[in-house]
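Report on the following structure.
FYI, it's all coordinate maths here, none of it is from the lab. Model, not experiment: these values are computed from the prediction. Because the Cβ atoms are built from the backbone with ideal geometry, glycine has one as well, and the counts that use them run over all protein chains shown.
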Amino acid sequence: MPLPRSIAVIDIGKTNAKVVLIDSTTRQQVAVRSIANVVRRDGLYPRADVDMLWGFIIESLRALQAAHGVDGISITTHGATAALLADDGLAMPVLDYEHDGPGETAAAYATVRPHFAESLSPRLPNGLNLGAQIFWQSRAHAADFARTTAILTYPQYWAWRLTGAMASEVTSLGCHTDLWAPGRGDFSGMVAAQGWAGLFPVVKPAASVLGTVRPDVAAATGLGAETPVTCGIHDSNASLLPHLGAHEAPFTILSTGTWAIAMTVGGDTGRLDPARDSLANVDAFGRAVPTARFMGGREFDLLVPEIVEPDADDIARVIADDIRVQPSFMPGVGPFPAGAGRWTQEPVMAAERSAAASLYLALMTRACLDLCGLGREIIIEGPLARNALFGQALARLAGVPVSASGDATGTSLGASMLFGAGEGHAAAGAPIVPLDVPGFDAYAQRWRDATA
């Protein structure tokens, strides 16, 4: 099949959903449509609003087809989410992973989940372990679960809605789910022990074409009946994809959005600490990638209600006055899951708040790199690539070359590259000059001392 020229990427993040049109020849974004991704609170439990998202996807595909033409569709979504199907629809709503319902069965789940040595998946709060979600659904909503005929991880759910074809895929199965054993490239022992093995469709590569759009989708969007759809990929692994084979290993990709996720390709899984939210992701080719993360985007939004770009004086004043953010404001996740977030002192001006929060994110990222390994270079993807102070501080803290991706979204670009078998095509990023402000090294040391 020839490589599609105009690829529509359905990119569903935890905070926002987008449909991005990528030119596969230039690797440039042609157009984008976006919408807030909200959690519905009605029904059995907090849930993804899949009906709203489906309407948005169809409308966006129709508009992009009319304005530019669409030759192929690729899909990427956040992790820790699955759809439980009964025949041609949902057996129950798509659970929001931040719901605390799985805590009700946490004690029982602890007795059946695989050991970290098998899954490289730490125990995480709420429903961040997909296995914990499914376990809770099977107990708390047993009648609905008994109707379940298939379990689809989230990108593959949308691929199924577009094509009618079902598949499982390793990047979504391998992101802290407890469902996958990276060392042997197969489902963990828990899946068979719980009687779930028959519910997961056959595993297919993220870069495979799952099928073409269903006739009703073609009619609703104006797409050609032969428009191909890829199997789909987990979002942080989509950010990773353009870089595989494009850098000397080990190297670190920092994928940012709601989460800041540091992945060190070619790194050692031996330093991972399951108590500090470090784990192995599984890349599009099935290989374990040491990973550490924290909710950087979520924390920045909490800390900085009004973004004002700091100037050199603001940055110097924050450092000189020791205005620090200590971790963390999202309990249970990140390298300091038991920390209680606090300011050493409240900033007076909004620019100082922005500066201190940016330095905080850099310090948290550096702590993550102690867990997943520091690569020979670091490439920043996503929104934090546009935060100059963050990048400069990280370059100073890491002591290795740091660059900012020029892509508007590495996630969407990476997902588009599922057409073409996922071959690396990473463009060179913009080099970042390390921060050179008197007192910053001592400021960072005080931060580290306070976290010890």
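If packing is taken as the average count of other Cβ atoms within 10 Å, what order do 26-37, 331-342 fall into, highest mean first? Working shown, then result.
Details: 26-37: 14.9, 331-342: 16.7.
Packing proxy ranking, top to bottom: 331-342, 26-37.
Give, rounded to the nearest 20 debye, the magnitude of the charge dipole that segment 339-452 has about its Cα centre when Lys and Arg contribute +1 at Cβ and Asp and Glu contribute -1 at Cβ.
So the dipole magnitude of segment 339-452 works out to roughly 220 debye.
From the Cα gyration tensor of segment 237-451, with a ≥ b ≥ c the square roots of its eigenvalues, which class applies: rounded if a/c is under 1.5, or else prolate if a/b is larger than b/c, or else oblate?
Numbers: a/c = 1.89, a/b = 1.55, b/c = 1.22.
Judged from the Cα gyration tensor, segment 237-451 comes out prolate (a/c at least 1.5, a/b above b/c).
Report relative contact order for the chain in percent, whole number only (criteria: Cα-Cα under 8 Å, sequence separation at least 6).
Numbers: 1055 pairs, mean separation 69.2, N = 452.
Dividing the mean separation by the residue count of the chain yields 15 percent.
Would segment 6-231 count as rounded, prolate or oblate if I go by the C-alpha gyration tensor, calling it rounded below 1.5 in a/c and otherwise prolate when a/b exceeds b/c, oblate otherwise? Could you put the intermediate results ahead of the total?
Numbers: a/c = 1.96, a/b = 1.72, b/c = 1.14.
Here segment 6-231 falls in the prolate category.
Dipole size in debye (nearest 20) for the chain around its Cα centre, Lys and Arg Cβ +1, Asp and Glu Cβ -1?
Numbers: 32 positive and 45 negative charges, 122 e Å.
Here the size comes out at about 580 debye.
Below 14 angstrom from the Cβ of GLN156, what's the summed charge of the other residues (Lys, Arg +1; Asp, Glu -1)? It would help to have the intermediate numbers written out before the result.
Values: positive: ARG161, LYS204; negative: GLU169, ASP235.
Taking every Cβ under 14 Å from that of GLN156, the sum is 0.
Calculate, for TRP54 and VAL202, the FRET efficiency according to 1/(1 + (r/R0)^6) with r their C-beta to C-beta distance and R0 22 Å; round to the nearest 0.05. Can you show the working numbers first?
Values: r = 25 Å, r/R0 = 1.11.
It comes to 0.35.
Along Cα→Cβ, 7 Å out, is where each label goes; now give me the distance between the ones at ALA110 and HIS68 in nm to one decimal.
Using points 7 Å along Cα→Cβ, the separation is 5.0 nm.
Between (i) 23.5; (ii) 24.2; (iii) 22.3, which entry matches Kirkwood radius over Cα pairs in Å as derived from the coordinates of this structure?
(iii)
Tell me the relative contact order for segment 352-398 as a rounded percent, counting alpha carbon contacts under 8 Å between residues six or more apart.
Taking the mean separation of contacting Cα pairs over the length of segment 352-398, I get 57 percent.
Going by average Cβ neighbours within 10 Å, how do the peptides 201-213, 48-60 rank, with the highest at the top? Walk me through the numbers before you get to the answer.
Working: 201-213: 19.5, 48-60: 17.8.
Ranking, from highest mean packing down: 201-213, 48-60.
Taking 0.36 nm per intervening residue step and subtracting the Cα-Cα distance, what contour gain separates ALA312 from ALA192 on full extension? List each step's numbers first, then the result.
Numbers: separation 120, 0.36 × 120 = 43.20 nm, distance 5.77 nm.
Taking ALA312 through ALA192 to full extension adds about 37.4 nm, to one decimal.
When ranked by the protection proxy of mean other Cβ atoms within 10 Å per residue, highest first, what sequence do the peptides 431-441, 231-241 form? Mind dumping the intermediate values first?
Working: 431-441: 15.2, 231-241: 31.2.
Highest mean packing first, the order is 231-241, 431-441.
Hey, rough spin-label estimate for SER34 and ALA430, points 7 angstrom out along Cα→Cβ, what's it come to in nanometres?
It is 1.7 nm.
Taking R0 as 25 Å, what FRET efficiency do you get between ASP23 and GLU226 from their Cβ-Cβ distance, rounded to the nearest 0.05? Before the final figure, lay out the partial values.
On the way: r = 20 Å, r/R0 = 0.79.
E(calc), rounded to 0.05, equals 0.80.
Based solely on its DSSP helices, what 222 nm [θ] is calculated for the chain when runs of n ≥ 4 H residues each add -39,500 (n - 2.57) and the sum is averaged over all residues, nearest 500 deg cm²/dmol? Mind dumping the intermediate values first?
On the way: 16 runs with 145 residues, N = 452.
So the helix-based figure for the chain works out to -9000 deg cm²/dmol.
Using a simple spin-label model with points 7 Å from Cα along the Cα→Cβ vector, what separation in nm is obtained for ALA275 and ALA143?
4.4
Taking square-rooted eigenvalues a ≥ b ≥ c of the alpha carbon gyration tensor, is segment 185-250 rounded, prolate or oblate, where a/c under 1.5 means rounded and, failing that, a/b exceeding b/c means prolate? Intermediate results must be reported in sequence, preceding the final value.
Details: a/c = 3.30, a/b = 1.19, b/c = 2.78.
Here segment 185-250 falls in the oblate category.
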